[in-house]
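Here the structure is laid out as structure tokens; the discussion comes afterwards.
The values are calculated or read from the model by the stated rules, or taken from the named source; none is laboratory data. In this text, all values refer to a predicted model and were calculated from it rather than measured experimentally. As a convention, Cβ positions derive from the backbone with ideal geometry for all residues, glycine included, and neighbour counts pool all protein chains shown.
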Amino acid sequence: MVFNGTSPTALLAGSTTRIKVGGVGAVSSATTGVLVRVSATTTAGASIVVHPCGSAPPVATTLFAEAGPMAIGVTAVPVAGGEICVTSATSASAKITVIGQIVSSGVGVAAVGPTRVFDSRSSGRLAANQNATVATSALGGSATKAVTATVTVLGPTSEGTLSIGACGGTALKAPFPNAPLSSFSAVVAVGAGGICLSSSVAADVVLDVDGQWRGDASGLMPVRATRVFDSRTAGSPLSATPAPVALTGIDGAPSSISKADLSVTVLGGATGGSVFVWNCAVPQPTAAVGVVAANKRATFSVVAAAPNGTVCMASNQPVDALVDVVAVG
């Protein structure tokens, strides 16, 4: 962990906090980019952006935290002078952990198109502390070392904690509220036995995967987060009709883009809804990259193929969405 701000004002409203990552723990002092997990809690709702230091914060959202429950997300960010910066619109407590870094060799990420790999509504509702396993065969085989996934908890009997991670390894502990629906994104390690998950209270859990981190996949280059789509200014919310989103004007990106890591913030509106992001050259998937309840907001990390520099978006209900590009390949 590179930042452990447990105070409610660890991140001050409108202020930028510099965080040293280079040379901390296993992070190389020479790395030019990192992948970080961000968790935050606030009493007033907070839009948080992780960004390179040295310039004003970009108009982008790494993580939107609703007042009350902890929000969890993940993003890529360039490193400058061994540091990254974080800025919050309102005061919040936050923890930031480096879970990956740019190195000369290692794993890259393949955009696989959102795929549902686990749904307890089909296999059987999870009892409290019941363990469930997602086999490696559903995750791309033994070459897959981690996945970018959207995790959705449905109908818990009370507030609780979801544990998810490589079977036999250290699990991510994600608290969730006593609400009909809550959802977050994570990069989840895959072990020889696949992914293991459990809930501290009875609940249904759905796991949708859109990226596989593998040794035979090319990497991503973190960029300064760039907003490429905002349905509020585009004239209408997302709907069932696919909307193309051009990945252009990205600060520091090469001229040709074949895939991207996106931060997608969904504003649930009166109905809530599920949002879909996919390669426009293929049919729309049935698995969502983000799910929000009515009048709630959340941010999701999405790895998407964009062979012509464009991705497609749609939703099952009218919702607004913001799309920020944080890494390209």
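When we screen V153, V147 for residues that are modelled with pLDDT of 95 or more, part of a strand (DSSP E or B), farther than 23 Å from V201 by Cβ and of a type outside the set (G, A, S), the only hit is V147. Scanning the stretch 59-68 for residues that are surrounded by 19 or more Cβ atoms within 10 Å (Cβ to Cβ) and touching a residue at least 60 places away in the same chain (Cβ under 8 Å) gives A60, T61, T62, L63, F64, E66. When restricted to residues that are basic (K, R) and in a loop (DSSP other than H, G, I, E, B), the stretch 112-144 contains 1. Residues in the stretch 1-35 that are assigned to a loop (DSSP other than H, G, I, E, B) and surrounded by 18 or more Cβ atoms within 10 Å (Cβ to Cβ): 6 in all.
For the stretch 309-327, the criterion of being without any contact (Cβ under 8 Å) to a residue 40 or more places away in the chain, surrounded by fewer than 24 Cβ atoms within 10 Å (Cβ to Cβ) and either in the same structural domain as K145 (by TED's automatic domain parsing) or more than 21 Å from I102 (Cβ to Cβ) (or both) is satisfied by no residue at all. Across the stretch 1-41, the qualifying residues are those that are free of Cβ contacts under 8 Å to residues at least 60 places away in the same chain and hydroxyl-bearing (S, T, Y), and the one among them that is farthest from P52 (Cα to Cα) is T41.
How about the stretch 40-49: which of its residues are surrounded by fewer than 23 Cβ atoms within 10 Å (Cβ to Cβ) and closer than 14 Å to T61 by Cα?
G45, S47, listed by residue number.
Please work out which residue is farthest from the chain's Cα centre (by Cα), limiting yourself to the stretch 79-94 and to residues that are touching a residue at least 40 places away in the same chain (Cβ under 8 Å), surrounded by fewer than 19 Cβ atoms within 10 Å (Cβ to Cβ) and not in a loop (DSSP other than H, G, I, E, B). Per the criteria, the residue is E83. Against the numbered list (1) buried (at least 19 other Cβ atoms within 10 Å of the Cβ); (2) over 19 Å from S198 (Cβ atoms); (3) under 19 Å from the mean Cα position of the chain (by Cα), V147 comes up short only at (2). Hey, S236 hits all of (1) under 14 Å from A321 (Cα atoms); (2) crowded, with 24+ Cβ neighbours inside 10 Å but one; which does it fall short on? Among (1) under 14 Å from A321 (Cα atoms); (2) crowded, with 24+ Cβ neighbours inside 10 Å, the lone unmet condition for S236 is (2).
Which one is surrounded by the fewest Cβ atoms within 10 Å (Cβ to Cβ), of the residues in the stretch 156-210 that are closer than 17 Å to A288 by Cβ and touching a Pro at 6+ places or on another chain (Cβ under 6 Å)? Here the residue is D208.
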